[in-house]
Amino acid sequence: MLNGIPVELPAMLTAREERAARQEAWLKEYACPLISFTLNIPGAVKTSAELRRAFEDGRAALEEQLHAAHLSCMVQVETHNATGDEALLAIDGDAAELKRICTKIEEHHPLGRLFDLDVLAADGTKLSRPLPRRCLLCTDQAQVCARSRRHSIEELTAEIERLLTAYLS
């Protein structure tokens, strides 16, 4: 399931820089909150057919929740590269409400743990979650496990494959 084109760290860093530059340009152009949607996928392979399906379903869940909250998307762009699938949305709405919606999706969608829905306020401030994310494999904070490299890439990707298999079947 996580078969795809492996990417090296320099390519990931370039993709991150390009995403930040695009966000900065949009903040200037649209002067409204932004949602940046990517997937949390450890290891060298960042996209595959199954991960693309997860991304598309996550994007659909986001659009459904925005519609239900009567929030309109001014503009949206998606990129699909070996470095991963990304969507950037400029939303006419309150950034705190957007963060609440995004956190709800991350916590309640069957694949929500794989979703990374960042919200930037119109002034560029990145909104934080009320509670830190839980690790994919244990009950500790995800950042703590990631920093200490508590779990191997193999363990993490096996859990991602398990989640994808359960969801897609």
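The values are calculated or read from the model by the stated rules, or taken from the named source; none is laboratory data. Predicted, not measured: the structure shown is a model, and the values here were computed from it. Quick reminder, even Gly has a Cβ in these numbers, built from the backbone with ideal geometry, and neighbours come from all protein chains shown.
Kindly indicate whether Asn40 is polar (S, T, N, Q) and under 16 Å from the mean Cα position of the chain (by Cα).
So Asn40 passes the test.
Quick check on Leu2: is it farther than 24 Å from Ser128 by Cα, in contact with a Gly (Cβ under 9 Å, 6 or more places away or on another chain) and in contact (Cβ under 8 Å) with a residue 24 or more places away in the chain?
Taking the combined requirement at face value, the residue satisfies it.
Rundown of residues vs (1) in contact with a Ser or Thr (Cβ under 7 Å, 6 or more places away or on another chain); (2) of a type in the set (A, V, I, L, M, F, W, C); (3) without any contact (Cβ under 8 Å) to a residue 12 or more places away in the chain, yes/no style:
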position: Gln23; (1), (2), (3): yes, no, no
position: Asp94; (1), (2), (3): no, no, no
position: Ile101; (1), (2), (3): no, yes, no
position: Glu106; (1), (2), (3): no, no, no
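When you scan the stretch 1-107 for strands (runs of 3 or more DSSP E) that lie fully inside it, which ones turn up with 1 or more residues that are touching a Pro at 6+ places or on another chain (Cβ under 7 Å) and over 25 Å from Arg149 (Cβ atoms)?
84-92
Ala146 fails exactly one of the following numbered conditions: (1) of a type outside the set (Asp, Glu); (2) part of a helix (DSSP H, G or I); (3) surrounded by 13 or more Cβ atoms within 10 Å (Cβ to Cβ); (4) at pLDDT 95 or above. What is the number of that condition?
Ala146 satisfies all of (1) of a type outside the set (Asp, Glu); (2) part of a helix (DSSP H, G or I); (3) surrounded by 13 or more Cβ atoms within 10 Å (Cβ to Cβ); (4) at pLDDT 95 or above except (4).
For residues that are of a type outside the set (S, T, N, Q) and buried (at least 20 other Cβ atoms within 10 Å of the Cβ), tally how many sit in the stretch 33-65.
Total satisfying the criteria: 12.
Do any residues in the stretch 113-132 that are assigned to a loop (DSSP other than H, G, I, E, B) have Cβ atoms under 7 Å from those of residues that are of a type in the set (Lys, Arg) and surrounded by 17 or more Cβ atoms within 10 Å (Cβ to Cβ), where the two are at least six apart or on different chains, and which pairs are they?
Hits for this filter: Leu127/Lys99.
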